[in-house]
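Asker: The structure's right below; bear with me while I get my questions together.
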Amino acid sequence: MTEAAARHAPGTPSWLSLLAQDPAASQEFYHELFGWEYRQGPGPGSAGPHFRALLDGSEVACIGQMPRGRQCLPAWLPYLSADDADKAAELVRLCGGTVGVGPLDMEGTMRVAIAADPSGASFGIRQTDTRPGARMGGGPGTVVWNELVTHRASAVEKFYQTVFGLESEPSGEHPGADGAVGADAEPERLTLTAHGRIVGGVRGVGDELPHDRGSHWLMYVEVADTDAAARRVAELGGRVLLPPHDTPYGRTARVADREGAPFAVVHTGRRGS
């Protein structure tokens with residue numbers, strides 16, 4: 001199997017999106033932080049417009065308008081690839097999750113849905129044979145890791161295996177391995193693989209799970225300097241949730257944008273491709 005094919009195997013994060021109350025302000029924030037440029041496109045179904053974030057001409061994510069009247073916390077959602085979005089959505093329901101949007105056709109090239117696992121963590125489902133995924137792991141400004149932060153990792157392990165065919169094994173060697181839990185609690189960590197290729201992780205943090213957010217997926221974006229990026233987040237009106245610190249994978253910090261959407265920045269030392 002080629003790397004390109006493996007990247008889009010079922011369960012592989014292939015896209016990321018953010019629904020913001022003020023998309024223009026969010027675009028400015030991420031442009032100043034990562035250098036993203038934008039191209040407008042239609043949203044899925046009856047949704048409003050969204051803006052595809054570009055880095056050196058490659059698509060890396062998208063930012064859209066939060067639907068009016070929708071009461072939910074801003075969050076970056078990874079879209080997990082599926083051979084059949086409708087079948088994956090049905091499996092989500094059968095396995096104790098929920099489907100909030102879709103499946104819907106988008107731009108005539110994709111079929112997408114937004115769902116939540118049994119722990120309440122939201123994610124997207126993405127089916128396409130022709131549309132390239134987001135550029136990932138390609139240097140500063142690109143996403144290098146996606147991790148589910150939840151109360152107990154083992155509680156959702158079977159869900160992602162059944163819905164997407166993802167395998168898992170205990171691991172601590174990834175950007176989320178920061179030990180950011182209570183002194184008496186050791187986090188559960190699982191590495192997720194698709195066809196033998198590492199595609200993400202799950203971290204169970206027990207009572208350290210944020211009560212105001214609950215289970216959620218967290219994206220890690222490569223930066224040239226973690227400390228400088230964390231300072232820049234604060235200068236742009238965001239917040240530093242966990243200051244820069246060293247991990248086995250690189251120096252990382254957990255932050256939030258102006259609307260409170262959490263993400264992480266990390267310097268792994270890898271060069272972009």
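The values are calculated or read from the model by the stated rules, or taken from the named source; none is laboratory data. Note that this is a predicted model, so its numbers are computed, not measured. Please note: Cβ atoms are built from the backbone with ideal geometry, for glycine as well, and neighbour counts cover all protein chains shown. Calculation scope for accessible area: heavy atoms of the full protein, side chains included, ligands and nucleic acids excluded. Shrake-Rupley method; radii C 1.70, N 1.55, O 1.52, S 1.80 Å.
Asker: How about region 205-239: which of its residues are at pLDDT below 95 and in contact with a Pro (Cβ under 6 Å, 6 or more places away or on another chain)?
Answerer: VAL205
Asker: Can we say THR98 is open to solvent by 40 Å² or more (accessible area, probe 1.4 Å), farther than 30 Å from ALA229 by Cα, free of Cβ contacts under 8 Å to residues at least 24 places away in the same chain and touching a helix residue (DSSP H, G or I) at 6+ places or on another chain (Cβ under 9 Å)?
Answerer: On the way: open to solvent by 40 Å² or more (accessible area, probe 1.4 Å): yes; farther than 30 Å from ALA229 by Cα: yes; free of Cβ contacts under 8 Å to residues at least 24 places away in the same chain: yes; touching a helix residue (DSSP H, G or I) at 6+ places or on another chain (Cβ under 9 Å): yes.
Yes; evaluated as a whole, the condition is true for this residue.
Asker: Ok, one more. Within region 130-163, track down each residue that is modelled with pLDDT of 90 or more and under 30 Å from GLY57 (Cβ atoms).
Answerer: GLY139, PRO140, GLY141, THR142, VAL143, VAL144, TRP145, ASN146, GLU147
Asker: A follow-up question, please. Need the failing condition index for ASN146 against (1) open to solvent by less than 60 Å² (accessible area, probe 1.4 Å); (2) without any contact (Cβ under 8 Å) to a residue 40 or more places away in the chain, just the number.
Answerer: If we test ASN146 against (1) open to solvent by less than 60 Å² (accessible area, probe 1.4 Å); (2) without any contact (Cβ under 8 Å) to a residue 40 or more places away in the chain, just (2) comes out false.
Asker: Next up: Please work out if ARG231 is open to solvent by 50 Å² or more (accessible area, probe 1.4 Å), without any contact (Cβ under 8 Å) to a residue 60 or more places away in the chain and assigned to a helix (DSSP H, G or I).
Answerer: yes
Asker: Could I ask something else about it? What tally of residues in region 120-149 results from selecting those that are of a type outside the set (Ser, Thr, Tyr), closer than 26 Å to LEU54 by Cβ and part of a strand (DSSP E or B)? Break it down into steps so the answer makes sense when it comes.
Answerer: The first filter runs over region 120-149 and keeps only residues of a type outside the set (Ser, Thr, Tyr), leaving 120-121, 123-127, 129, 131-141, 143-149.
Imposing the further condition that a residue be closer than 26 Å to LEU54 by Cβ reduces the set to 123-127, 129, 131-141, 143-147.
Then keep just the ones that are part of a strand (DSSP E or B); that gives 123-127, 136, 143-147.
Residues in region 120-149 being of a type outside the set (Ser, Thr, Tyr), closer than 26 Å to LEU54 by Cβ and part of a strand (DSSP E or B): 11 in total.
Asker: Another question, then. Confirm whether PRO67 is within 27 Å of ALA25 (Cβ to Cβ) and surrounded by 24 or more Cβ atoms within 10 Å (Cβ to Cβ). Give the steps one after another, and end with the answer.
Answerer: Values: within 27 Å of ALA25 (Cβ to Cβ): yes; surrounded by 24 or more Cβ atoms within 10 Å (Cβ to Cβ): no.
No.
Asker: Enumerate the helices (runs of 4 or more DSSP H) found wholly within region 1-119, keeping only those where 1 or more residues are at pLDDT below 90.
Answerer: On the way: elements: 3-7, 23-34, 85-94.
Where helices (runs of 4 or more DSSP H) fall fully within region 1-119 and carry at least 1 residues being at pLDDT below 90, they are 3-7.
Asker: Given the options ASP83, ASP56, ASP129, name the one that is in contact (Cβ under 8 Å) with a residue 12 or more places away in the chain and either surrounded by fewer than 19 Cβ atoms within 10 Å (Cβ to Cβ) or within 15 Å of the chain's Cα centre (by Cα) (or both). Don't jump to the end; show me each part of the working.
Answerer: Working: ASP56 fails: in contact (Cβ under 8 Å) with a residue 12 or more places away in the chain; ASP129 fails: in contact (Cβ under 8 Å) with a residue 12 or more places away in the chain.
Step by step, each of ASP83, ASP56, ASP129 is checked, and only ASP83 is in contact (Cβ under 8 Å) with a residue 12 or more places away in the chain and either surrounded by fewer than 19 Cβ atoms within 10 Å (Cβ to Cβ) or within 15 Å of the chain's Cα centre (by Cα) (or both).
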